[in-house]
Structure formats: C-alpha cells, structure tokens
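Take a look at the structure set out below.
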Amino acid sequence: MKHVIFYSGGLGSWATANRVIEKHGIANIHLLFTDTFIEDKDLYRFLIETTQKMFGIDQSDLLALVDLIPPVSHHTMELRKDFLKWLAELTTKRNPHFHWISDGREPWETFKDARFIGNSRIAPCSHHLKQQSAKHWIFDNFGPEDTTLYLGIDCSETHRTLAPAKNWEPFKMGYPLVETDTNKDAVFQELAETDIELPNLYKQGFSHNNCGGACVRGGQAHFLNLLKTNRDLYIYHEEKEQAMREYLDKDVAILRRTRNKVKTPLTLRSLRLENETDTALNQFKSKPPSTVRVFDAGVGKNRILKLTEDKTRYITGNVGTSNRRVFHYWSFENAFKAQVKKEVVL
C-alpha cells in the first residue's frame, strides 16, 4: 500500500506525515507539495528541514539555498519562480519521498487567466495551483486500488473531511489527526518538543502557513496582519489587485465590506489607507501636540490651534466684526484631519 500525504508546509500536514510514517514506515511514503511561488521563504526551510529529519537524508546544502530565494516583488517574481523550480528539482532528486511540483503560475496569473479575482468564496489560485496540480500528478502516478491519500485536517475541523472524500473518489482518504482526536494546540506542542523551529507566519500571528500571509480566503483581519508584519508585501498585492481591477474594468476586490446589510468590494488600498489613518489618529490622540497648524479655506489664512489645559481638545481665537475675540473649539478628530502636513508649502 502506498501513502500520499498532502504536505503543505502547515503544522497539520507535518503532524499527519509523522503519524503515517510511524504507523507504516517510510518505504512507501510520498509527500506532495504544490507550490504557489508566493509562499513565505521560511516555509521552504520548514519543508526541507522536516523532510530531511523524517527520511534521514542530508539536505543541509539545500537548506542553505533557502536564504537565496528572491523576494516576492514586481521586479523579482520571474526570477523567484525560476529559482524555486530549480530548488524543487534539486530537492526532489535528492529525496525520492518528497515531491515538489507546480503549475508554473503564481496566484495573480491564475486570476488574470480566469478573469476573476479570488476571494473567500471562489479561489482560482487554490483550484488550479493546489487541487488540479495535485490531481493530475496523483492520477498520473498512483492508482486508487493501492494508494491512500492523507490530509492534515485536525479534530476541530471534521466538517472539512466531507468535500475531499467526494473530490478524490475513488481514492481512499485518511485523516490521522481526526482519527487520533488531535487538535491544533496539540500539534503546536509536538513541534515545540523537537529541535525544528516554528514557521515564521505562525510566529507573526497567522493561523495558516500558506501564501506568504496573503491568502485570498482570509478576511480583513488577516490582511491587516499582513500589513502590520510585512507592509512591502501587502503593497505588492495591493498593486496587483489594482492592476487586475483596471484589466477587468470592474469594481471587484479580494475583500468585501457589509454595511446596512449591503455588501460592497473593499480594496486592499482602501483597507490600508483606512487603517493607517486610524493608526495615525490614535497616535495623535495619545500624544497630542501642543499646537496644530491648519489652513482655513473659508477665511483664507493659516490658523494655529492650541491644546487646552485639560488636553481634551484644541482652541483657536479670531477677531470678530465687533472687535471681540471669538473662540472656536476643535475636536482631536477635526484637528487631525485639518492639520497641514509638512510637505505642504504654505
């Protein structure tokens, strides 16, 4: 009997592989990784390091190459793809139990080909780069009569076992973490008891180690975490999304916002600008400057707002028509919005 584990780089698939090896030995074990080319660099380290340990094959020289993987950017994406294909070839040749394959595209290329931006409901990237790539490879190399497929679904996600069982017929499916009543916390503890370092995305607070933290199935909080931990990468995906909107000439986006029961597209650019404005406002409130310079378009001159003694708002005074001073109070929000930025020439 042959055993194929979908090896994604997540802890669930790692723990699943360990259980299958413990039960059946390594002779007929095959780990399958389908690359999207946008994975976090440390995911590739985790793949090579763990498969080295599982099968007792020295891959230390391949581990050293991980540091040379080009970043995800507009200028280096093709170079990154070529490098990862080369590293995949070296790794697969070294370790016959580990199969590192790819469709040849990264997610944004699948969106362009499908003329559709992936989202939490429909993800062309997952369908083509993961599911279809895996299906073609497995049906080309294995038969259902002597092969079992395994997924790293844990006991808290039993509802997720239904679709794979149907999609992979007539292959038999196995879910060792469900069968052993193992949850995610237990898996994290298992890794902590080894000398293998926790993958970077988990350290940064992501719930999954996939797509470099830019999975289109994630929500607003997921992408805000990407903005917080890797702003340059967020901007890259923001710009790719904007390019796709222009290419499709449609108001579409990865994310959606619901207000008054009405759902509208929420672009990564809008989400970032809103968040950065909120962050700057909170910083302004926490340490309000003693004075704020604003430009009053109505009067046509500069104004200096002074922080009140109780530091709860700002105040400014003007001379009225009756030659008496009239005071105006400004909230922190209004003062923040009206302040003249340093780059503005007065």
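No lab work stands behind these numbers, since they all come straight from the coordinates. Please read all numbers here as calculations on a predicted model, not as lab measurements. As a convention, Cβ positions derive from the backbone with ideal geometry for all residues, glycine included, and neighbour counts pool all protein chains shown.
Matching the structure-derived Rg and Dmax of the Cα atoms in Å against the labelled list [x] 26.6, 97; [y] 21.0, 84; [z] 19.6, 64 gives the label [x]. Model label sites at LEU224 and GLN242, defined 7 Å from Cα along the beta-carbon direction, differ in position by 2.2 nm.
Multiply the residue separation of PHE116 and LYS172 by 0.36 nm, subtract the distance between their alpha-carbon atoms, and state the gained length in nm to one decimal.
Working: separation 56, 0.36 × 56 = 20.16 nm, distance 3.28 nm.
Extra length available between PHE116 and LYS172 comes to 16.9 nm.
Summarising the label geometry, the points placed 7 Å from Cα in the beta-carbon direction at LEU198 and LEU68 lie 3.1 nm from one another. If you add up the charges near GLN59, with Lys and Arg at +1 and Asp and Glu at -1, over every other residue whose beta carbon is less than 13 angstrom from its beta carbon, what do you get? Charge balance in the 13 Å sphere: +1.
Tally Lys and Arg at +1 and Asp and Glu at -1 over the other residues with C-beta under 13 Å from the C-beta of LEU79: what net charge comes out?
Working: positive: ARG80, LYS81, LYS85; negative: GLU78, ASP82, GLU106.
Taking every other residue near LEU79 into account, the sum is 0.
Extension gain, ILE315-ARG293: 0.36 nm per intervening residue step, less the Cα-Cα distance, totals 6.8 nm.
Shown here is the pair-distance distribution of the range 2-206: with all Cα-Cα distances grouped in 10 Å bins from zero up to the longest one, the shares run 8, 33, 40, 18, 1 percent.
Computed from label points 7 Å out along Cα-Cβ, the spacing between ASN275 and HIS75 is 2.5 nm. Out of the DSSP beta bridges found with both residues in the chain, what percent are antiparallel (nearest 5)? Around 55 percent of the beta bridges assigned by DSSP in the chain are antiparallel ones. Once a ≥ b ≥ c are taken as the square roots of the eigenvalues of the Cα gyration tensor of the range 79-185, is the result rounded (a/c under 1.5), prolate (a/b larger than b/c) or oblate (a/b not larger than b/c)? Since a/c reaches 1.5 but b/c is at least a/b, the shape of the range 79-185 is classed as oblate. Remark on the chain: CYS125, CYS155 stand apart, with no other cysteine beta carbon under 4.7 Å.
Restricting the calculation to Cα atoms, the range 220-275 yields a radius of gyration followed by a Dmax of 11.5, 33 Å.
Using 0.36 nm times the number of residues separating THR161 and ASP58, minus their current alpha carbon distance, what extension gain do you get? Contour length minus Cα-Cα distance gives 33.6 nm.
If Lys and Arg each add +1 and Asp and Glu each add -1, what is the summed charge of the other residues whose beta carbon sits under 14 Å from the beta carbon of THR36?
+2
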